[in-house]
Amino acid sequence: MQVSVEAGEGLERRMRIDLPFEEVTSEVEKRLQQLSRRAKLPGFRPGKVPMKLLRQRYSEQVHQEVFGDMLQSSLTEAFTQQSLRPAGMPRIEPDLDIEGGRVGFTAIFEVIPEFELASVADRVVKRPVSELADSDLDEMLERLREQRKTWEPVERAAQTGDQVMVSFVGTVDGESFEGGSTSGLKVELGAGRMIPGFEDGLIGVGVGESRTLDLTFPDPYQAAHLAGKPVRFEITLDAVAEPSLPEIDAEFVKNFGVEDGDVERFKADVRRNMERELKDRLKARIKERVMDMLVEANSIDLPAAFVRSEMESMAGQMREALGGSRMQLPVDLFEVGARRRVALGLIIGRIVTENSLEVDPARVREEIERMASTYEHPQSVIDYYYADATRLGAVENLVLEEQVVDLVLEQARVEDEPVPFAQLTDQASSNPFAAA
């Protein structure tokens, strides 16, 4: 077997492999002999077909089979011989000239890049630090009360924070439009769910009163044909209700699973869940910053095959997140994220190799127990992970990444950065009590 390699653009390689013609023909002859023992052709008994006829009928097919088998074995051997690490499956260009005594092929592929890890000794990582204050707990309790608020009808003009019931007719250029008219619609003033100016325009309006609002649809807007267009709404206010927040008492906490109605235990549960969320967010934030630094510090040529595969994977994950939607998402939308993932995969792999890192079983167990602690039957969750190598492997990979983060933090310059709890956890969208 003769092997020659040419470097193409970037990471591309073209590897020419010429197979020993004598070995090919010998194997073809061997298989034809084996075929002759069972071949059936009209006019001949099984095993009595003349070899000349078999060669005429099956020679090309057997040559293709032998070529395919030898291609696989020779490709693997050539990669080892040339110390090449292909990135993905190669594209094969066959070169078969049986009469000319030539059997070979060209494999076109990208190689996994070789690179030196950049030193992080002089790089700064901002490590967010935060503590849960009593005021943070108070704010969370208010949010939970807000989630359980009820509405009480009032006989006064509407004000910010009220819920109003309205009927309206909307027109664009004097013409009605789809979805532009309705009745019995409930609108919470100040919630910002309607187009700009709509909610503010109802402040001060009493029950039974009407008001005309001349507004403009945002641009962009979900209904593209309305984006940026002026619209007139003729609105009648049918009812006004003000919010009523429940007291944090035994009845209130029972709605959150505290069946004995113990308010203090409820508050302790809320605090514990907030502390767990804070810890998770701090860990995620520092990991993100370390990963950002590693990508910035290490400029790597990325195999297009890896990037493309990751783009397709991310598009598939997005479709699953949308409930298995059949919507065709352009994979190019995921290129930036895919390039980051591929780069990090290569960098982390190199860090693990160069530092001989091995996943810590104790940390894996700790991580699984942490995840299980949010469920009603933690041991069942623990058993679930340890019963399947794939599920366990996913946690092991996560822990190994955390070990890489720890190693990088030991090597880099770390500066603590105080961050308020609310900013770190985005209280507007999280509910730490949900898993209690």
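The values are calculated or read from the model by the stated rules, or taken from the named source; none is laboratory data. If you're wondering where the values come from, they're calculated on a predicted model, not measured in any experiment. In this analysis, Cβ positions are derived from the backbone assuming ideal geometry, glycine residues included, and neighbour counts consider all displayed protein chains.
For the structure I just gave you, tell me whether residue 66 is surrounded by 13 or more Cβ atoms within 10 Å (Cβ to Cβ), among the β-branched types (Val, Ile, Thr) and over 21 Å from residue 31 (Cβ atoms). No: the conditions fail for residue 66. Of the residues making up the range 81-114, just one is more than 16 Å from residue 12 (Cα to Cα), assigned to a loop (DSSP other than H, G, I, E, B) and of a type in the set (A, V, I, L, M, F, W, C), namely 98.
Looking across the range 290-334, the residues that are among the acidic types (Asp, Glu), within 30 Å of residue 121 (Cα to Cα) and in a helix (DSSP H, G or I) come down to 292, 296.
Of 162, 136, 122, all but one fail to be closer than 30 Å to residue 289 by Cα and either touching a strand residue (DSSP E or B) at 6+ places or on another chain (Cβ under 8 Å) or free of Cβ contacts under 8 Å to residues at least 12 places away in the same chain (or both); the exception is 122.
Considering the range 167-273, the qualifying strands (runs of 3 or more DSSP E), each wholly inside and each with 3 or more residues that are farther than 30 Å from residue 137 by Cα and at pLDDT below 95, run over 175-188.
Within the range 150-166, can you find the residues that are surrounded by 15 or more Cβ atoms within 10 Å (Cβ to Cβ) and either at pLDDT below 95 or charged (D, E, K, R) (or both)?
Within the range 150-166, 162 is the sole residue that qualifies.
Here 68, 88 are screened, and the one residue that is at positive phi, among the small types (Gly, Ala, Ser) and modelled with pLDDT under 90 is 88. Those residues that are in contact (Cβ under 8 Å) with a residue 12 or more places away in the chain, closer than 22 Å to residue 56 by Cα and loosely packed, with under 11 Cβ neighbours inside 10 Å, I need them from the range 70-109; list them, please. Within the range 70-109, 101 is the sole residue that qualifies. Taken together, 298, 273 contain a single residue that is of a type in the set (S, T, N, Q), over 30 Å from residue 250 (Cβ atoms) and assigned by TED's automatic domain parsing to the domain that holds residue 425, which is 298. Within the range 1-17, being within 18 Å of residue 303 (Cα to Cα), without any contact (Cβ under 8 Å) to a residue 60 or more places away in the chain and not hydrophobic (A, V, I, L, M, F, W, C) holds for 6, 9. Cβ-Cβ contacts under 9 Å between residues 6 or more apart (or on different chains), taken from a first residue in the range 214-238 that is at positive phi to a second residue that is surrounded by 11 or more Cβ atoms within 10 Å (Cβ to Cβ), are listed as 228/216; 228/217; 228/218; 228/221.
Every residue, every condition in (1) in contact with a Phe, Trp or Tyr (Cβ under 6 Å, 6 or more places away or on another chain); (2) surrounded by fewer than 14 Cβ atoms within 10 Å (Cβ to Cβ); (3) within 25 Å of residue 149 (Cβ to Cβ); (4) of a type outside the set (Ser, Thr, Tyr), yes or no:
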position: 194; (1), (2), (3), (4): no, no, yes, yes
position: 202; (1), (2), (3), (4): no, no, yes, yes
position: 215; (1), (2), (3), (4): no, no, no, yes
position: 240; (1), (2), (3), (4): no, no, yes, yes
position: 246; (1), (2), (3), (4): yes, no, yes, yes
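The residues of the range 385-436 that are surrounded by 15 or more Cβ atoms within 10 Å (Cβ to Cβ), hydroxyl-bearing (Ser, Thr, Tyr) and either at pLDDT below 95 or over 18 Å from residue 362 (Cα atoms) (or both), listed by number, are 425, 430.
Here residue 370 clears all of (1) exposed (fewer than 15 other Cβ atoms within 10 Å of the Cβ); (2) at pLDDT below 95; (3) part of a loop (DSSP other than H, G, I, E, B) except the condition numbered (3).
Do we find a residue being among the charged types (D, E, K, R), under 23 Å from residue 303 (Cα atoms) and either at pLDDT 85 or above or surrounded by 15 or more Cβ atoms within 10 Å (Cβ to Cβ) (or both) anywhere in the range 18-30? Don't jump to the end; show me each part of the working.
Of the range 18-30, the ones among the charged types (D, E, K, R) are 18, 22-23, 27, 29-30.
Those left that are additionally under 23 Å from residue 303 (Cα atoms): none.
Within the range 18-30, not a single residue is among the charged types (D, E, K, R), under 23 Å from residue 303 (Cα atoms) and either at pLDDT 85 or above or surrounded by 15 or more Cβ atoms within 10 Å (Cβ to Cβ) (or both).
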